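No value in this document is a laboratory result; all are computed from the given coordinates. Predicted model, so just to flag it, every value in this text is computed and none were measured. Counting neighbours? That spans all protein chains shown, and the Cβs are built from the backbone with ideal geometry, glycine included.
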Amino acid sequence: MRKTAIFTDPLFLEHDPGFDHPESPERLRGVYKLLAEKALRDCFLKPKFSPASHEIIALNHSAALIRRVAETAGKVFDLLDQDTKTSSASYGAACLAAGALIKGVDLLTAGDIDNGFALVRPPGHHAERDKSMGFCLFNNVAIAARYATEILGLDRVMIVDWDLHHGNGTQHSFYESEKVLYISTHQYPYYPGTGSLRETGQGKGEGFTVNIPLPGYQGDVDYATIFDDLVVPIGREYNPQLILVSAGFDIYRGDPLGTMEVTAQGFAYMTRILVRLAEEVSQGRLLVTLEGGYHPDGQRDGILAVLGELCGQELDTEYHIHLDNETARRLGREKSHHPAIKEACEVAKKYWKM
């Protein structure tokens, strides 16, 4: 059993974008209750962590954006863009979410944990340097990658983003850098409109942005093929010192915001592949953070599937989401021949041995 840390806090449930908003506290409330049950509460480490300071957040965001988000503190309601709404506790939750990832990176690099999952809100991967957008206030995963490279001195960080939506903010944060490899699977064309095959990076960063735009209705076999045939070979060649994951559960079949068809087995398979890759190239250093996911059952089952793979054992719950070896072998054997995946492979071959 691996030393898997989970990063949770009641403050994440106090960020409330308002009635009928998809990114509601209910996304995490039920999961938190499950993790507090006797069968699960001793399975994971629960480190203490603090809010990220303005200095740390400024590694990836402008002073103007930090001030703007800070202005929302204590206000019952504020609007950062047409989709990104805040409540009185949102600023505090956003700082704490970034702080959770900073603590996770510290613990991983010190060898105190094997891997971890930041079960945080608000999400982050849409937030640009000077703009909050797409339900995201600060870009948690980008701040963590900046911290790893600029403060801890790591040379190679890999970010894998399997959210339904393209992580425009994360891509733009490292578009001209070779120190962060960004790989994204996403529905395209779709919000926010970025993430085409043509977007591969600039300058020193050319080739270090790998987009896999998908038209929709892709499922477990398609994602397994992407991870086996694209993510793993590129990851091995890049040889990262740390792997970060933007885990969006809005690719779950039935999610109201998309048309993907991934099941809990698919989430488990992707995680298993990344755990193995991390053990091979980065001393097991793997940190997952929550992004989207708006189907209650899909969010719950997906998170449990990821946690089971991170800690390396079947979790004792009423939800049967464990990936058995026979299903894993089938997913690895049944290759997808979708044209979108083939096109992404052809672009990647310009920069990677594949």
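A Gaussian network model of the chain, with springs between Cα atoms under 10 Å, assigns the largest mean-square fluctuation among 66, 56, 151 to 151. Please identify, among 100, 305, 63, the residue showing maximal mean-square fluctuation in a Gaussian network model of the chain using a 10 angstrom Cα cutoff. With Cα springs under 10 Å in the chain, the top fluctuation among 100, 305, 63 is at 63.
Bridge orientation summary for the stretch 4-348: considering DSSP beta bridges with both residues in this region, about 15 percent are antiparallel.
Write down the Kirkwood hydrodynamic radius of the stretch 302-354, to one decimal in angstroms, obtained as one divided by the mean of 1/r over all alpha carbon pairs.
For the stretch 302-354, the Kirkwood estimate is 13.8 Å.
Here is how the number arises for the chain: DSSP H runs of 4 or more residues each give -39500 (n - 2.57), the sum is divided by the residue count, and the result at 222 nm is -10500 deg cm²/dmol. Around the Cα centre of the chain, unit charges on the Cβ atoms of Lys, Arg, Asp and Glu (plus for the first two, minus for the last two) sum to a dipole of about 600 debye.
When the Cα convex hull of the stretch 153-205 is projected onto planes of every orientation, the mean area is 3.6 nm². With a threshold of 20 Å on the Cα-Cα distance, the over-threshold entries among 46/85; 46/75; 179/335; 85/131; 131/204 are 46/85; 46/75; 179/335; 131/204.
Legend: calculated FRET efficiency, residue 196 to residue 38, from the Cβ-Cβ distance at R0 = 56 Å, rounded to 0.05, equals 0.70. Given 214, 151, 195, which one lies farthest toward the positive end of the charge dipole of the chain, if we put +1 on the Cβ of every Lys and Arg and -1 on the Cβ of every Asp and Glu? Checked the options; the winner is 151.
For the pair residue 129 and residue 75, the difference between a 0.36 nm per residue extended length and the Cα-Cα distance amounts to 17.1 nm. Size descriptors for the chain (Cα atoms only): Rg and Dmax, in that order, 18.4, 53 Å.
Semi-axes of the equivalent ellipsoid of the stretch 9-149 are 24, 20, 11 Å, computed as sqrt(5λ) over the eigenvalues of the C-alpha gyration tensor in descending order.
Sequence-ordered 3J(HN,Hα) estimates for the stretch 226-240 from the Karplus curve with 6.51, -1.76 and 1.60 and θ = phi - 60° stand at 4, 6, 6, 9, 10, 5, 5, x, 5, x, 5, 5, 5, 6, x Hz, glycine and proline given as x.
Count Lys and Arg as plus one, Asp and Glu as minus one, and take only other residues whose Cβ is under 14 Å from that of residue 336; the net charge is then -3. Comparing mean-square fluctuations of 104, 18, 284 from a GNM of the chain with C-alpha springs under 10 Å, the top value falls on 18. For residue 342, the aspartates and glutamates whose Cα comes closer than 16 Å to its Cα, not counting residues fewer than 8 places off in the same chain, are 222, 228, 229, 334. Based on the Stokes-Einstein relation at 10 °C and a viscosity of 1.306 mPa s, and on the Kirkwood radius from alpha carbon pairs, the stretch 66-166 is assigned a translational diffusion coefficient of 111 µm²/s. Charge tally around residue 75: other residues with Cβ under 15 Å, Lys/Arg +1 each, Asp/Glu -1 each, net -1.
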